[in-house]
1. Of the conditions (1) surrounded by fewer than 18 Cβ atoms within 10 Å (Cβ to Cβ); (2) among the aliphatic types (A, V, I, L, M); (3) modelled with pLDDT under 95, ALA184 clears all except one; give me its number.
2. Taking the residues in the range 55-97 that are without any contact (Cβ under 8 Å) to a residue 12 or more places away in the chain and not acidic (Asp, Glu) as candidates, determine which candidate is farthest from LEU317 (Cα to Cα).
3. Among (1) more than 16 Å from the chain's Cα centre (by Cα); (2) under 23 Å from THR322 (Cα atoms); (3) among the aromatic types (Phe, Trp, Tyr), which single condition is TYR219 missing?
4. Got at least one residue in the range 156-172 being closer than 20 Å to MET240 by Cβ, of a type in the set (S, T, N, Q), at pLDDT 95 or above and buried (at least 23 other Cβ atoms within 10 Å of the Cβ)?
5. Residues SER230, SER221: which one is in contact with a Leu (Cβ under 8 Å, 6 or more places away or on another chain) and closer than 21 Å to VAL203 by Cβ?
6. Check PHE243, PHE253 and return the single one that is closer than 21 Å to ASP225 by Cβ, at pLDDT below 90 and outside the structural domain of TRP21 (by TED's automatic domain parsing).
7. Being under 18 Å from LEU138 (Cα atoms), surrounded by 17 or more Cβ atoms within 10 Å (Cβ to Cβ) and of a type outside the set (A, V, I, L, M) is the filter here; which residues of the range 258-279 pass it?
Amino acid sequence: MSMRCHAIRINQNGGPEEMFWTEVEVADPGAGQVRIKHEVVGLNYIDVYHRMGLYKQDMPAGLGMEGAGVVDAVGEGVTHIKPGDRVAYTGNPPGSYAEVRVMPAFSVCKLPDNIDFETGAAMMLKGLTAQYLLKRTLPVEGLEKGDHILFHAAAGGVGLIACQWAAALGYQLIGTAGTDDKCALAKQYGAAEVINYNKQNFVDEVKRITGGKGVKVVYDSVGKDTWEGSLACLRPFGLMASFGNASGAVEPFAPGILGPKGSLYVTRQTLFSHIHNREAAQAMADDLFDVVGRGVVKIEIHQRYALKDAAQAHRDLEARKTTGCTVFNV
């Protein structure tokens, strides 16, 4: 039967002030759906994009792309999870900022016993993003142990996971961040080199670190502010992997500029292309669960808020006051 719960909603796009805590009705799950009672919910920068309208939604709308909790009910055709299972997920549609929600079941994964709800809620979107970047979004010449890669926002939630995972794979990750403290944090979690882009020219530093060669791949979630510099950091046939727009969307550009820069490759990645079905989502999650379960990658939760205070969390995230992962206690 349907139930009532509290959730964060927006009626129009805008700033954090558009977010409000309200009571909503949650229906029974339909075919291929699952209903989850959340224990913990994760915060990600894509939530800001949805709130602001960079990624469009019909109004009124929910926010939030990942969470962890207990299955309350499953719809027809759902066989990989059952009521009572501990689960974690990331996936569309937005709506995890809620005590209870219904969503498509294919991206919901049973949480291993050795991973708690906080870790599960904090790691799914960010950890699976790091997984597809380092394992699936590779330069045409591939990556080998010892290769340098450039990773912007290395002290963020995705960045700290990528620092650890890249080190485990044998890559020399060059991480950028905006303060000395954030650079030190990235270094602590496995970055081979760090660059404070507010004090140093990251292009010059990358060239110095690599002996003038540049890197095979740049992983960039910053967007507009780092775009030109990122292209300049690539060696011939290098890959520019854009996966976010924290500083704003990249301006349109002429593909012809890529030839003189070394016949570069450019891709715009999104996690939800990679977890498009049950098999793909589970395979990627199994890889993530393995490295986290073995302690190869530690999920660092640096900020915790009550879910009803999600607007303040958005303010802190946009002001770049956060590091690592942020979660909401439900």
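The values are calculated or read from the model by the stated rules, or taken from the named source; none is laboratory data. Everything numeric in this text was worked out from a predicted model, so none of it was measured. Methodologically, a virtual Cβ is constructed for each residue, glycine included, from the backbone with ideal geometry; neighbour enumeration extends over all protein chains shown.
1. Failing condition for ALA184: (3).
2. So the residue we want is THR79.
3. Answer for TYR219: the failing condition is (1).
4. Among the residues of the range 156-172, not one is closer than 20 Å to MET240 by Cβ, of a type in the set (S, T, N, Q), at pLDDT 95 or above and buried (at least 23 other Cβ atoms within 10 Å of the Cβ), which makes the answer no.
5. On the way: SER221 fails: in contact with a Leu (Cβ under 8 Å, 6 or more places away or on another chain).
One residue alone meets the criteria, SER230.
6. On the way: PHE243 fails: at pLDDT below 90.
Exactly one residue qualifies, and that residue is PHE253.
7. The answer is GLN269, HIS274.
Okay, residues lined up against (1) in contact (Cβ under 8 Å) with a residue 40 or more places away in the chain; (2) out of contact with any helix residue (DSSP H, G or I) (no Cβ under 8 Å at 6 or more places or on another chain):
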position	(1), (2)
GLU99	yes, no
ASP113	no, yes
ALA121	yes, yes
LYS126	yes, no
THR129	yes, no
TYR132	yes, no
GLU141	yes, yes
ASP147	yes, yes
PHE151	yes, no
